[in-house]
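*Asks:* Below: one structure in structure tokens.
Derivation of every value follows stated rules applied to the coordinates shown; laboratory data play no part. Source: prediction; values computed, not measured. Because the Cβ atoms are built from the backbone with ideal geometry, glycine has one as well, and the counts that use them run over all protein chains shown.
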Ligand code: GLC
């Protein structure tokens, strides 16, 4: 359901009261910067909106400004469409945008360069993300949290059925099928083996890229711009995933995004789930039926010679160049992306910090043990080809998820679908010249 992005906007009363007193102080002892109202567009997956609200309100209370939160659609694909509309119109009503790791190349022209205002804070963050967010020498967004696809599993069910953690996708397929069958025969008839993101949208690009990369099938387009997707390893990976639909995965998986997969897993109805780290905090929340029964590990390898892979995801904060209050907007961005706030979000919501030192913080690791074990998964995650494709990335991804969806839904086999995809990508990229 698409929510009207204005309908949930609100003003904080506490911050409003503080604003009144700040204005008073300002008149008494000028010069003090005038208090401003800053609006921020935040994601709302799981507890995301709540966390954004708490952080932004803390900033407002500290600075005497006010904040207005704008809710955005869960699907990153829909969110991009909304942002493009607002930015193309030069809309002033959103000052700070939460942007996906794949968007800097597409949206850079609408954001201000943060480098002159950051006081060098970006040096503390993962440099690969800072580079990703730097377009033509301009730092268009500050890293906020990072992500990589990981495998969730039911510790209790694997133990009960004497199964080890899967090392390869083949192992996962067999274990999921065996546990599903045994549980169903014992009356647990809603149980599925594996849930993931199979809907035709950006999330499917992420899942499919990690299957393909784990089989050594590359990353769609290589760093030089060459289209590499039409290869037998990639086709094999897609054919494998197609074999799950209706066997270990519900037929409805073809319409699942992150939250649908989490819904099934968290209600106790799946052995394995592919998802992002945010699902950890929710799976272990007080009212979660699978609390304390869940483990997190790296996604399986493509085969004995394959590798563990996870797609790089994550979100940044950018300041709109149409903002009427850029100074206050920058201040909010620097506050939210700072170490204290990233630590709070990691502990409360399992959002991976982009500040390397927080991965050595005892409280962060206690709340999220897998941040330690899977450190390499997060720092070596496979990137989507958004840097090379730049403004054309969304078209590339759109063709890729459609080609994948066609295989998953049995309309074509992997080899046929990828051969067609290659032709389309060649056209979009002017034969790899981009
Ligand atoms: C997560 C990732 C983001 C990705 C999206 C796909 O939000 O952080 O990078 O594009 O999922 O659904």
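*Asks:* Tally the DSSP beta bridges in the chain and give the antiparallel ones as a percent, rounded to 5.
*Replies:* Just about 65 percent of them are antiparallel.
*Asks:* Hey, with R₀ at 45 Å, roughly what FRET efficiency would residue 363 and residue 327 work out to, going by the Cβ-Cβ distance, to 0.05?
*Replies:* Using R0 = 45 Å, I get an efficiency of 0.85.
*Asks:* From the gyration tensor of the Cα coordinates in the chain, what semi-axes in whole Å does the equivalent ellipsoid have, largest first, with each one equal to sqrt(5λ)?
*Replies:* 38, 26, 18
*Asks:* Within segment 28-168, what percent of beta bridges assigned by DSSP are antiparallel, to the nearest 5?
*Replies:* 20 percent
*Asks:* Another question about this same structure. Where a ≥ b ≥ c are the square roots of the eigenvalues of the C-alpha gyration tensor, would you call segment 177-219 rounded, which needs a/c under 1.5, or, failing that, prolate if a/b is larger than b/c, or oblate?
*Replies:* It is oblate, given that a/c is not under 1.5 and a/b is not larger than b/c.
*Asks:* Now, a different point. At residue 428 and residue 247, where each label point lies 7 Å from the Cα along Cα→Cβ, what is the point-to-point distance in nanometres?
*Replies:* 3.0 nm
*Asks:* Let me ask you something else. Gap in Å between the Cα centre of segment 105-130 and the Cα centre of segment 136-155?
*Replies:* Segment 136-155 and segment 105-130 have Cα centres spaced 15 Å from each other.
*Asks:* Expressed as a rounded percentage, what relative contact order does segment 189-310 have, with Cα pairs under 8 Å and six or more residues apart?
*Replies:* Relative contact order comes out at 35 percent.
*Asks:* I'd like the distance between the alpha-carbon centres of segment 301-316 and segment 402-427, rounded to an integer number of Å.
*Replies:* Their Cα centres are 21 Å away from one another.
*Asks:* Where a ≥ b ≥ c are the square roots of the eigenvalues of the C-alpha gyration tensor, would you call segment 262-312 rounded, which needs a/c under 1.5, or, failing that, prolate if a/b is larger than b/c, or oblate?
*Replies:* prolate
*Asks:* On to the next question. Does anyone have the angle between helix 414-428 and the longest principal axis of the chain? Alpha-carbon axes, 0 to 90°, nearest 10?
*Replies:* Approximately 30 degrees, to the nearest ten.
*Asks:* Using only the alpha carbons of segment 154-282, determine the length spanned along each of the three principal axes and report them from longest to shortest in whole angstroms.
*Replies:* Cα spread of segment 154-282 along its principal axes, largest to smallest: 52, 26, 25 Å.
*Asks:* Mind ranking 60-68, 89-97, 420-428, 346-354 by how tightly packed they are, going by the mean number of other C-beta atoms within 10 angstrom, highest first?
*Replies:* For the peptides 60-68, 89-97, 420-428, 346-354, the packing ranking is 346-354, 60-68, 89-97, 420-428.
*Asks:* Relative contact order for the chain: what percent, with Cα pairs under 8 Å and sequence separation of 6 or more?
*Replies:* 23 percent
*Asks:* Any idea what angle helix 393-408 forms with the longest principal axis of the chain, computed on alpha-carbon atoms, 0 to 90 degrees, nearest 10?
*Replies:* 30 degrees
*Asks:* Quick check: the distance between the Cα centres of segment 195-269 and segment 326-381, to the nearest angstrom?
*Replies:* 27 Å
*Asks:* Pairing the Cα long axis of helix 326-336 with the longest principal axis of the chain, what angle in degrees results, from 0 to 90 and rounded to the nearest 10?
*Replies:* Helix 326-336 sits roughly 50 degrees off the main axis of the chain.
*Asks:* Taking square-rooted eigenvalues a ≥ b ≥ c of the alpha carbon gyration tensor, is segment 310-434 rounded, prolate or oblate, where a/c under 1.5 means rounded and, failing that, a/b exceeding b/c means prolate?
*Replies:* Verdict is oblate for segment 310-434.
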